[in-house]
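In what follows, a single structure is set out as structure tokens and then discussed.
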Amino acid sequence: TKEKWGRGCIILPLRNVAGEVVSLYGRAIKGSSHYYTAGRSGLYPGYPPAATTTLLLTESVLDAASLYQLEGLSVLALYGTNGLTAEHKTAIAALTELEEIILALDNDPAGVKATEVITAELMQLKPGLTLSFLALPEGSDVNKVASQAENVPATFGDLVARRKAINLP
């Protein structure tokens, strides 16, 4: 029998620039499978506000959902290590007040490599932008750190305060 889409998953909405739900993302509760509706479009948790000055990019939708309770910081989920899409780039390019992007990708070999690749893409997209990254524990990701934190806002406030600048050529 064929499994039904989204069964046994946490389902989160992907939104277009108008804030409308246009696609869905599913993450299996058991295991690590990801599901998107056909023809995926939209961003999670949505397009950043126009007045965004600092944007935190996470590697996954679940990572961004883990930071939902943070205030004063715009968060945008990528769709994996190769998940900086044309739609993400359009949303970022439209942020005329943007001063800094903080990358919060997994601290594993794939996340470290993706940070380098995405940094190069962002430098081309928005020259002069400050780029930094969160120094997550080795082998960890945003969701794991958040799930182990007693106080998620305090833990991530500290990580953001101690972010590391990416040395640009």
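Here are a few things to note about the model shown:
- Selection within the range 119-143 - outside any loop (DSSP other than H, G, I, E, B) and either among the basic types (Lys, Arg) or within 20 Å of Ala64 (Cα to Cα) (or both): Thr119, Leu122, Leu131, Ser132, Phe133, Val142, Asn143
- The number of residues in the range 77-118 being over 11 Å from Leu57 (Cα atoms) and in a helix (DSSP H, G or I) comes to 14.
- When residues of the range 130-140 are limited to those that are open to solvent by 40 Å² or more (accessible area, probe 1.4 Å) and touching an Asp or Glu at 6+ places or on another chain (Cβ under 7 Å), the one modelled with the highest pLDDT: Thr130
- Scanning the range 25-53 for residues that are part of a strand (DSSP E or B), buried (at least 18 other Cβ atoms within 10 Å of the Cβ) and of a type outside the set (Phe, Trp, Tyr) turns up Gly26, Arg27, Leu43.
- Residue in the range 83-98 that is of a type in the set (Gly, Ala, Ser), open to solvent by 20 Å² or more (accessible area, probe 1.4 Å) and over 22 Å from Ala50 (Cα atoms) present: no
- Number of positions in the range 144-156 that are surrounded by 11 or more Cβ atoms within 10 Å (Cβ to Cβ) and either assigned to a loop (DSSP other than H, G, I, E, B) or in contact with a Gly (Cβ under 9 Å, 6 or more places away or on another chain) (or both): 1
- Ile11 falls short on exactly one of the conditions (1) of a type in the set (A, V, I, L, M, F, W, C); (2) in a loop (DSSP other than H, G, I, E, B); (3) loosely packed, with under 14 Cβ neighbours inside 10 Å, and that condition is (2).
The values are calculated or read from the model by the stated rules, or taken from the named source; none is laboratory data. Please read these numbers as outputs of a predicted model, since none were measured by experiment. With ideal geometry, Cβ positions are generated from the backbone for all residues, glycine too; neighbour counts draw on all protein chains shown. With ligands, DNA and RNA removed, areas are computed over all heavy atoms of the protein, side chains included. Shrake-Rupley method; radii C 1.70, N 1.55, O 1.52, S 1.80 Å.
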